[in-house]
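The values are calculated or read from the model by the stated rules, or taken from the named source; none is laboratory data. Keep in mind it's a predicted model, so treat the numbers as computed, not measured. No Cβ is skipped: glycine too gets one built from the backbone with ideal geometry, and neighbour counts run over all protein chains shown. These area figures cover heavy atoms from the full protein model, side chains too; ligands, DNA and RNA do not enter into them. Shrake-Rupley method; radii C 1.70, N 1.55, O 1.52, S 1.80 Å.
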Amino acid sequence: MLHVRALTGIAALLVAFGGAASAQTTATTINVISLPSDTAGTLYYANDLGYFKAAGLDVKITDMTASPPIVAAVAGGGGDIGFSVVTSTAVAHEKGIPVRFIAPGAMWVTANGTAQLVVAKDSTLQSGASFNGKTIAVTGLADLTYYGTVAWLERSGGDASTVKWLELSFPEMAAAVANHRVDAAMIAEPFLEAAKPQVKFVAPVDDAVAPRFMSTGWIATDAWIKSHPVEAAKFADVMKRASIWANAHQKESAQILLAHTRITPETAATMSRVEYATALDPKQIQPSIDVAAKYSKTPLRVTPATELIWRPGQP
């Protein structure tokens, strides 16, 4: 996407990296597993804008459809780094899977409303209690789509134990709701905006977790981090740069997102955009861990967020 690169000033970027691109002779290959969504957008921005190349990293991207399988793939050696919802990583950590965040992802911010519980246009479901006994689609039962929805149901008078949960990918959800295969679904951008003609919004249920928190990030195993500390640090630095750029350039980033999520230009132009975190802040990570511990189907310790964070210089 050369027109986007021109807009963002690759020449200035190379200066910022101190000429690293010209001096680099051999790039280190890193295999990254992502979920093609706005929340994971910084990976695509950094790659398309040449940030990784300038840092001496050759990033190979594989897309998957949900966070828990990505965590499993990274843990099993199917990728070096992966995109993960905080709750999925917290659950994996408590199961003894040695994964930690090396870079931040997206923030949940109440004002943005980038994820919503939705129902069919002709549905009368609205309050938490009205969903008792109904079927709700989420991307995973160890995922924020599940925990956030349960938290909202319980807060608004519903009984989550009566709900039937169906795991679907975001691209499948709108049709499932519209065709009444499920009564509701928790959908995030950019799929949320694309679903508007088929569904109506009920609530931004993640507000029940906290009004502002880090919902996603980028993980690696302790073994990979130990053997690739330089690459992990470079990746973290690049993602911070991409987050800062994306927060200030939503119009340009939307054009890059088009190529990686198969959304339409109309959707890209009108969808609510996420805010990206620029640091791994334990206070912003803890709310997701707390809600997972409270509503997990299996006993889950309230893990201190610091246990899930790696920083350059740590073993």
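Out of everything in the range 293-311 that is surrounded by fewer than 18 Cβ atoms within 10 Å (Cβ to Cβ) and polar (S, T, N, Q), what residue ends up being modelled with the lowest pLDDT?
Per the criteria, the residue is Thr298.
Mind checking which helices (runs of 4 or more DSSP H) fall wholly inside the range 208-315 and carry at least 3 residues that are out of contact with any helix residue (DSSP H, G or I) (no Cβ under 9 Å at 6 or more places or on another chain) and more than 18 Å from Gly82 (Cβ to Cβ)?
It comes to 229-248.
Going by the conditions given, is Leu258 under 19 Å from the mean Cα position of the chain (by Cα) and without any contact (Cβ under 8 Å) to a residue 24 or more places away in the chain?
When the stated conditions are applied, Leu258 passes them.
Could you grab me the full set of residues in the range 76-108 that are open to solvent by 20 Å² or more (accessible area, probe 1.4 Å) and either within 18 Å of Ala151 (Cα to Cα) or basic (Lys, Arg) (or both)?
From the range 76-108, those open to solvent by 20 Å² or more (accessible area, probe 1.4 Å) are 76-78, 80, 93-98, 100; that's our starting set.
Matches in the range 76-108: Lys95, Arg100.
Please verify whether Ala269 is open to solvent by less than 60 Å² (accessible area, probe 1.4 Å) and small (Gly, Ala, Ser), treating the condition exactly as stated.
Considered against the rule, which asks whether it is open to solvent by less than 60 Å² (accessible area, probe 1.4 Å) and small (Gly, Ala, Ser), Ala269 comes out as no.
Counting only residues that are over 17 Å from the mean Cα position of the chain (by Cα) and not in a strand (DSSP E or B), how many does the range 174-199 have?
15
What are the pairs with Cβ atoms under 7 angstrom where one residue, in the range 142-155, is closer than 12 Å to Leu117 by Cβ and the other, located anywhere, is assigned to a helix (DSSP H, G or I) and aromatic (Phe, Trp, Tyr)? Sequence gap at least six, or different chains.
Between residues of the range 142-155 that are closer than 12 Å to Leu117 by Cβ and residues that are assigned to a helix (DSSP H, G or I) and aromatic (Phe, Trp, Tyr), the close pairs are Val150/Tyr295; Ala151/Tyr295; Leu153/Phe131.
Determine whether the range 120-141 contains at least one residue that is surrounded by fewer than 22 Cβ atoms within 10 Å (Cβ to Cβ), touching a strand residue (DSSP E or B) at 6+ places or on another chain (Cβ under 9 Å), assigned to a loop (DSSP other than H, G, I, E, B) and of a type in the set (Lys, Arg).
yes
Return the total of residues in the range 157-166 being surrounded by 14 or more Cβ atoms within 10 Å (Cβ to Cβ) and either at pLDDT below 95 or in a helix (DSSP H, G or I) (or both).
Residues meeting the conditions: 1.
Please determine whether any residue of the range 237-246 is among the aromatic types (Phe, Trp, Tyr), over 30 Å from Ser123 (Cα atoms) and surrounded by 24 or more Cβ atoms within 10 Å (Cβ to Cβ). Walk me through how you get there before you give the answer.
Of all residues in the range 237-246, those among the aromatic types (Phe, Trp, Tyr) come to 245.
Right, trim to over 30 Å from Ser123 (Cα atoms) and you get 245.
Then drop every residue that is not surrounded by 24 or more Cβ atoms within 10 Å (Cβ to Cβ), which leaves none.
No; the residues of the range 237-246 include none that is among the aromatic types (Phe, Trp, Tyr), over 30 Å from Ser123 (Cα atoms) and surrounded by 24 or more Cβ atoms within 10 Å (Cβ to Cβ).
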